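> Just dropping this structure here.
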2 protein chains.
Amino acid sequence: MAASSDTTGIQYFELKNFTFQNGATLPSIRIAFREFNPTAQKTALVPTCFRGRINQTFNFTTGVLQNYRVIVVALLGNGESASPSNTPDFPDTLDYRDCVRAQHTLVTEHLRIPSLDVVVGFSMGGQCSYHWTAMYPDVVRNAVIICSSARTSLHNYQFLEGPKAALINSVDYNDKELRAQNIAPVRGLRAFGRAYSAWLASAEWFEERLFEKWGFKTLDHWADAGAKSYDDWHPEDLLIMLGMWQRSDLSVIGDGKMSLEDVLGGLTPRILLMPCLTDQYFTWKASKKEVEYLKSGQIAIIPSVWGHMGGGGANQEDIEWMDREIAGFLSKS
Amino acid sequence: MAASSDTTGIQYFELKNFTFQNGATLPSIRIAFREFNPTAQKTALVPTCFRGRINQTFNFTTGVLQNYRVIVVALLGNGESASPSNTPDFPDTLDYRDCVRAQHTLVTEHLRIPSLDVVVGFSMGGQCSYHWTAMYPDVVRNAVIICSSARTSLHNYQFLEGPKAALINSVDYNDKELRAQNIAPVRGLRAFGRAYSAWLASAEWFEERLFEKWGFKTLDHWADAGAKSYDDWHPEDLLIMLGMWQRSDLSVIGDGKMSLEDVLGGLTPRILLMPCLTDQYFTWKASKKEVEYLKSGQIAIIPSVWGHMGGGGANQEDIEWMDREIAGFLSKS
């Protein structure tokens with residue numbers, strides 16, 4: 001498969017004898033991360049999102065986190081941290097608890113940061129951040145959870161079944177010769193991208209032709225570029241991350257003894273939920289329900305037609321709006 | 001491919017030397033239809049929707065149309081009327097004008113019905129009905145257009161690219177031997193179904209687990225059954241209908257000289273637009289914009305969490321609601 005993208009500034013931390021939630025143990029796994037402003041006093045952790053690489057991750061370092069030591073850390077499975085594409089005998093499934101335990105070791109033991117001022121995550125990065133607040137409440141002071149959820153909704157689960165089916169039933173994903181030669185199943189990957197594409201923004205975004213803001217003259221040009229952007233993803237990396245997303249449920253923290261509401265009610269870090277008004281799958285209504293259970297929770301709904309992408313830093317106005325909201329939230333910490 | 005479903009009561013009308021909008025001419029095509037209450041005085045035409053068969057079409061004959069002579073007519077491409085699956089040398093593309101011209105000949109010449117009291121269409125059937133009001137305003141007195149649009153939105157267009165990509169890139173759709181033997185590309189068809197599935201209802205519908213109302217214990221059971229329901233569809237039938245849907249634009253009626261708004265403003269039949277509040281792709285907001293241009297237009301928004309399916313007769317409460325609204329609309333005709 002194609003080598004993955006920009007490695008500028010990326011470091012790797014090795015964990016020995018790592019046991020995953022599904023019971024598998026590997027003698028060694030790596031966690032990829034990058035530090036920005038390493039000498040700043042305040043600290044922030046930013047986990048990547050689905051299909052996110054470290055250097056493509058919107059990290060707020062030119063805005064609200066400009067005076068923070070910001071550590072962008074790659075989810076397991078993203079092709080930078082340990083993943084099916086780069087680690088032999090990688091387990092079949094991942095769990096956010098795997099990511100968070102590994103990140104915790106990185107932060108506290110390797111980087112020797114005893115507590116994080118804030119964890120900021122978008123989408124799957126937000127689900128990861130939620131798990132941080134539940135697993136290490138003494139390390140996390142604040143969390144900003146953008147376009148995300150404490151439990152993947154059934155609607156979100158089912159939408160993900162579409163791209164997944166497109167990929168795993170594709171002609172090249174099922175071509176044993178191509179796979180044996182490690183040639184990317186480009187048709188399957190692009191079909192995955194197309195089955196995902198209409199979910200990314202909102203109906204209004206399409207109607208207002210906001211793809212033109214990115215220089216695409218037609219919808220098809222935008223869609224073609226989007227589909228091709230999957231070419232350098234390893235299919236098993238996409239699929240293992242997607243599975244982690246589909247199964248995401250913060251109530252696992254209670255070992256099956258607590259409801260999601262009870263788990264939410266027990267979270268002690270300050271939490272800002274920041275859904276987007278027009279996100280089609282991480283809906284603001286779901287975030288609104290969650291915040292009612294949080295002891296120290298707030299909600300700020302991004303007033304944007306950019307849908308899910310709005311929370312990912314796709315639109316300058318939304319970036320500025322998020323910067324202001326997050327700054328306000330952190331200033332009261 | 002598998003034979004298609006229930007043919008009870010279906011008749012076929014043959015048109016000779018039919019020329020399609022794309023310029024192709026066939027010596028003979030057939031239009032499939034079924035009549036209900038053939039002796040009733042008032043007349044209603046109900047075109048099928050995407051993936052709709054005549055005998056699976058919700059036809060209102062037990063409700064508001066119980067005293068109407070109801071003609072359910074199959075869209076070209078649905079496998080019952082002339083389609084790639086049943087007609088050699090079928091053209092590559094279809095246009096609603098093809099369907100409406102053929103249906104008009106059926107209605108006025110074969111059935112000798114000079115005018116229709118109402119045309120009622122859901123989804124693609126609604127787009128077809130819209131074309132009726134523009135092409136034959138002297139034949140159509142009233143139209144009820146349910147979960148549909150006068151022009152396919154870019155969002156709707158893009159969502160359809162997902163299932164399409166899943167099918168045309170699938171391993172069996174691309175297997176020349178299977179295709180030569182006319183064996184259905186079941187994996188591709190089911191991937192199509194999965195990529196479509198999360199659009200059918202609303203986020204609320206999934207969260208409220210309303211698939212249980214249909215006897216499915218889990219979301220996966222519902223999704224599996226939905227995916228398998230594509231097994232008896234010919235892939236080229238699905239694709240040609242999908243293309244007609246994607247390109248749908250009532251402004252073609254003005255031969256490129258009129259805006260959509262002008263075409264809408266010129267429609268003379270009475271029109272009731274009936275979008276569903278939670279339809280993810282035929283949004284009520286788009287219908288609201290359209291009705292502002294209609295001279296004799298009204299809008300009634302189905303207050304349901306059943307999303308697009310709500311308008312298709314999937315839920316008893318919505319059926320009763322639609323019956324009342326349509327009865328009120330027709331009573332003032």
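A short reminder: the numbers here are calculations on the coordinates, not readings from a lab. Just so we're clear, the structure is a prediction, and the values are computed from it rather than from any experiment. Positions of Cβ are generated from backbone atoms using ideal geometry, with glycine treated the same way; all protein chains shown enter the neighbour counts.
> Under the rule of -39500 (n - 2.57) per DSSP H run of 4 or more residues, summed and divided by the residues of chain A, what mean residue ellipticity at 222 nm is obtained, to the nearest 500 deg cm²/dmol? Before the final figure, lay out the partial values.
Numbers: 12 runs with 118 residues, N = 333.
The helix-only estimate for chain A comes to -10500 deg cm²/dmol at 222 nm.
> What are the residues whose amide H is under 5 Å from the amide H of A:Gly77, where those residues sit 5 or more places off or on another chain and H is modelled from the backbone?
Hits under the 5 Å cutoff: A:Ala82, A:Ser83.
> At a Cα cut-off below 30 Å, give the lysines reachable from B:Lys176, other chains included and same-chain residues fewer than 8 away excluded.
Within the straight-line limit of under 30 Å, B:Lys176 reaches these lysines: A:Lys164, A:Lys176, A:Lys228, B:Lys164, B:Lys228.
> Would you grab the residues whose amide H sits under 5 Å from the one on A:Tyr68? Only those 5+ places off in sequence or on another chain, please, with H modelled 1.01 Å from N.
Here the answer is none, since no amide H 5 or more places off falls under 5 Å of that of A:Tyr68.
> Distances from B:Arg179 to the same residue in each other copy, label points 7 Å out along Cα→Cβ, in nm, shortest first?
Relative to the other copies, B:Arg179 has label-point distances of 2.2 nm.
> In terms of Cα to Cα distance under 12 Å, which aspartates and glutamates are near enough to A:Lys289, apart from those fewer than 8 places away along the same chain?
Of all the aspartates and glutamates, those that pass the test against A:Lys289 - Cα under 12 Å, at least 8 places apart if same chain - are A:Glu261.
> Now for a different question. Could you give me the ³J(HN,Hα) list for region A:92-107, computed from phi with Karplus coefficients 6.51, -1.76, 1.60 and θ = phi - 60°, whole Hz, x at Gly and Pro?
Along region A:92-107, the couplings run 6, 9, 10, 9, 4, 5, 4, 4, 6, 4, 5, 5, 5, 5, 3, 5 Hz.
> Can you work out ³J(HN,Hα) from phi for every residue in region A:47-62, in order, using Karplus 6.51 cos²θ - 1.76 cosθ + 1.60 and θ = phi - 60°, giving whole Hz and x for Gly and Pro?
With the stated coefficients, region A:47-62 comes to x, 6, 9, 4, 6, x, 9, 4, 7, 9, 7, 6, 10, 6, 6, 9 Hz.
> Given axes a ≥ b ≥ c from the Cα gyration tensor, I'd like to know whether region A:157-207 is rounded (a/c under 1.5), prolate (a/b larger than b/c) or oblate.
Prolate, since a/c reaches 1.5 and a/b exceeds b/c.
> In percent, what relative contact order does region B:156-242 have, based on Cα pairs under 8 Å that are 6 or more apart in sequence?
32 percent
> Using a label point 7 Å beyond Cα on the Cα-Cβ vector, give me the inter-copy distances for B:Gly266 in nanometres, one decimal, shortest first.
From this label point to the equivalent ones elsewhere in the assembly: 6.8 nm.
> Distances from A:Glu212 to the same position in the other copies: list them in nm, one decimal, shortest first, using label points 7 Å from Cα along Cα→Cβ.
4.7
> Go ahead and collect, in residue order, the members of region B:307-329 whose backbone nitrogen is under 19 Å from a label point 7 Å along the Cα-Cβ direction of B:Ser115.
The answer is B:329, whose backbone nitrogens lie closer than 19 Å to the label point.
> Right, another one. In whole Hz, what ³J(HN,Hα) sequence does region B:31-46 give by Karplus (6.51, -1.76, 1.60; θ = phi - 60°), x for Gly and Pro?
Computed from phi, the couplings for region B:31-46 are 10, 8, 7, 9, 9, 10, 6, x, 9, 5, 7, 6, 10, 9, 10, 10 Hz.
> Under the rule of at least 5 residues apart or a separate chain, name every residue whose amide H is placed under 5 Å from the amide H of B:Ala143.
Amide H neighbours of B:Ala143: B:Val119, B:Arg270, B:Ile271, B:Leu272.
> Next question, about the same structure. Springs between alpha-carbon pairs under 10 angstrom, Gaussian network model over chain B: which of B:Gly215, B:Gly243, B:Gly311 fluctuates most?
Of B:Gly215, B:Gly243, B:Gly311, the Gaussian network model singles out B:Gly215 as fluctuating most.
> Starting from the Cα gyration tensor of chain A, take the square roots of the eigenvalues, sort them a ≥ b ≥ c, and report rounded, prolate or oblate (rounded when a/c is under 1.5, otherwise prolate if a/b is larger than b/c, else oblate).
Rounded, because the longest to shortest axis ratio a/c is under 1.5.
> Calculate the dipole size of region B:65-114 relative to its Cα centre from +1 charges on Lys and Arg beta carbons and -1 charges on Asp and Glu beta carbons; express the result in debye to the nearest 20.
Using only the charged Cβ atoms, the result is roughly 340 debye.
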